[in-house]
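Peer 1: Starting off with a structure, shown below.
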Amino acid sequence: MSTTTATDAVVLAPEAVTVAASFDWSMTPRYEDSWKAWGYVFPDGQIGYDPSFVHPSRYQVELDACTSNGGGQAIDEYRWTLRQDGEPLDTATSRTCLLLNSEDRPDSERLDFPAEGRYLVDLQILTSGGITARQTREVIVNDVLIVSIGDSSASGEGNPPFVFNRCHRGKTSGHSMAAQLVEDADPRTSVTFLSYACSGARLDVGLMRPYDGIEDTEGPELPPQVEQVFRGVCSVDPGDCNASDQRTVDHLLVAIGVNDIHFSEVLLGCMFDADCHRSAALEELIATGLSHIENRDPLTDTSVSDLVDQLNTYHGVGIPVLRRYLTEYPDNPFGSPSGEPSRGCGLTRGVKTPEAAWLHDQAVILNRALEAESVRRDFTYVGGIAERFSNRGYCASDTYFVAINQSFLNQGDKSGAMHPTRAGHTAIAEQVVDAMHSQLPAAPATHVTLRIESLRVHPINANAGGTTNGGSKFTDGLIGTRFVAQGAETHDGFSLDSATRVFENRIQPDVFVPLPAELMTFEFDVPAGDGLVVVGGVTGGVARETHQISPVLSDHQFEMSGSSDTLQFDVRYRITTEPILVATSR
């Protein structure tokens, strides 16, 4: 693909106008709509997410051409063309500068992006005076699929309202809020979030075997969460689902283990029984739970390894997952402002300081076991959560834990007590997003802003235009120059941003003339390891220079020179780079 573009020099009249097509794009958010998609009833009576939402036939991309310049004339029409692999896919025409591509728009007024991937979008504007201008940009449709499974920590217990009462599952959970943070961080990325987490779930009952749910119901048991995920990622009936029918999970978030060691029962024992830290029965309960998490039981599915095996082989096909995470638990439920365990208060006043310290020790042991299993079975361990909670214990004035009386007020039962508050879940969400960042390549992509700052031309052929005075060319005249800059390309020639912008103005020879930022600023994303090839052309002359893009924040200037039969030219550029922190591999 050639990026050489240049035109001849012309003498412009003083009233010459600049007309430029310009547009930006963003993905229509999907996180909130993910929650609305819950409640679909499948033919077998099971409830889940609407397959038409999880597996859309088109993605909604918003195109904004409001920065286009009509040069003082009204822009009457915006003409859009969608292409992929050199083939046109769709066209649209609009009278307004925004093309929202929503379902309620006529086909002639929207572009349909049928799948994730790379596209080229052409914009042509038509002014009231009949002048046209064009810009072409690459649009990358990227919808990140984040799936959450686990227990009350993942479901948002203690923070109603709930979207699914049977599991006390709602939007206020660390996993859910992390998904929203990912979407909010990048307008060019949307997030589909599917949560199957259920309060009270364990590795065996809940994740890998059926479960009643936290609330009593006369209906059938809920399917194992692994089975629900399999159904969710399949675009066809699960019984007919093959690998080609599945959608890949970009990030699988797992919170499990605290119910396996019966921590709520242990906590109640410390609240109402003296010296719980000396209870052999409670220690045995915890030890048994830990052994189940860490070791395979040939008779039951209880370990993290069993969970991984099910994910990899479920229904003979498995569930495709790019990255999986196991989240840490808060380990100091009665942490004081100093971070040391302290005695309980209010309805938890039965917990003495030695017992609070013992509870802390048991939670630390659980987290260590989960971290070890993460390493052994290729999870990313989401750490830092215990530290964020360490001085925000139940009795702290700025606690991260829901109080017992507050649970009754909020949701009419005690189930929400001792679970993270909204502030606590915010802390968890931030740690989850940090863990996601840690699993991305060091430089997944770099956002580049290329600014063409100024242009200097030196005529070497008097016939190029203008007048002479005393043998010195163009000293009393102005040469009109059309300058066309091509955006960028990778080393293999694939266009990253084929935006072409035209600047028309009167350029004084041999002087660097500033160029308007609104016309000469280009933005695009450069994949990791790629360089940037800058091509500049003036009046038949071409200059080309390659710059290796740094994945860190940087700002630098450079200058390129070129010549033609009629002109020598110099162009000054500024490149600003910024790392893209949230991205996915496809």
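Peer 1: Explain nothing, just the number: relative contact order of the range 325-443, from Cα pairs under 8 Å at least 6 residues apart, as a whole percent.
Peer 2: Details: 191 pairs, mean separation 33.7, N = 119.
Taking the mean separation of contacting Cα pairs over the length of the range 325-443, I get 28 percent.
Peer 1: I would also like to ask the following. Report the label-to-label distance for Ala185 and Ala287 in nanometres (one decimal), using points 7 Å from each Cα along the Cα→Cβ vector.
Peer 2: Inter-label distance under the simple model: 4.3 nm.
Peer 1: Here is a follow-up. Can you spot the aspartates and glutamates whose alpha carbon is less than 15 Å from Lys352's alpha carbon? Ignore those fewer than 8 places along the same chain.
Peer 2: Asp273, Asp275, Glu340, Asp361
Peer 1: So for the range 143-438, averaging the separation of alpha carbon pairs under 8 Å that are six or more residues apart and normalising by length, what relative contact order in percent results? Walk me through the intermediate numbers first.
Peer 2: Working: 621 pairs, mean separation 59.6, N = 296.
The value is 20 percent.
Peer 1: Further question on the same structure: Check each of the trypsin sites (Lys or Arg not before Pro) in the range 40-100 and keep only those in coil by DSSP with at most 13 other C-beta atoms within 10 angstrom; list them in order. Can you show the working numbers first?
Peer 2: Numbers: sites: Arg58, Arg79, Arg83, Arg95; in loops: Arg58, Arg95.
For trypsin sites (Lys or Arg not before Pro) across the range 40-100 that sit outside H, G, I, E and B with at most 13 neighbouring Cβ atoms in 10 Å, the list reads Arg95.
Peer 1: Sticking with this one: Calculate, in whole percent, how much of the Cα-Cα pair population of the range 143-438 lies beyond 37 Å.
Peer 2: In whole percent, the share of Cα-Cα pairs in the range 143-438 beyond 37 Å is 11.
Peer 1: Here is a further query. What fraction of the DSSP beta bridges in the range 143-438 is antiparallel, stated in percent and rounded to the nearest 5?
Peer 2: Values: 6 of 27 bridges.
Percentage antiparallel, nearest 5: 20.
Peer 1: Between Thr353 and Arg95, how many nm apart are label points set 7 Å from Cα along the C-beta direction?
Peer 2: 7.7 nm
Peer 1: Rank these for me by crowding, Asp331, Asp85, going from fewest to most other beta carbons within 10 Å.
Peer 2: Working: Asp331 22, Asp85 9.
The most exposed by this proxy come first: Asp85, Asp331.
Since every read-out is calculated from the coordinates, none of them should be taken as a lab result. Note that the coordinates shown come from a computational prediction; the quantities given were computed from them, not determined experimentally. Backbone-built Cβ (ideal geometry, glycine too); neighbour counts: all protein chains shown.
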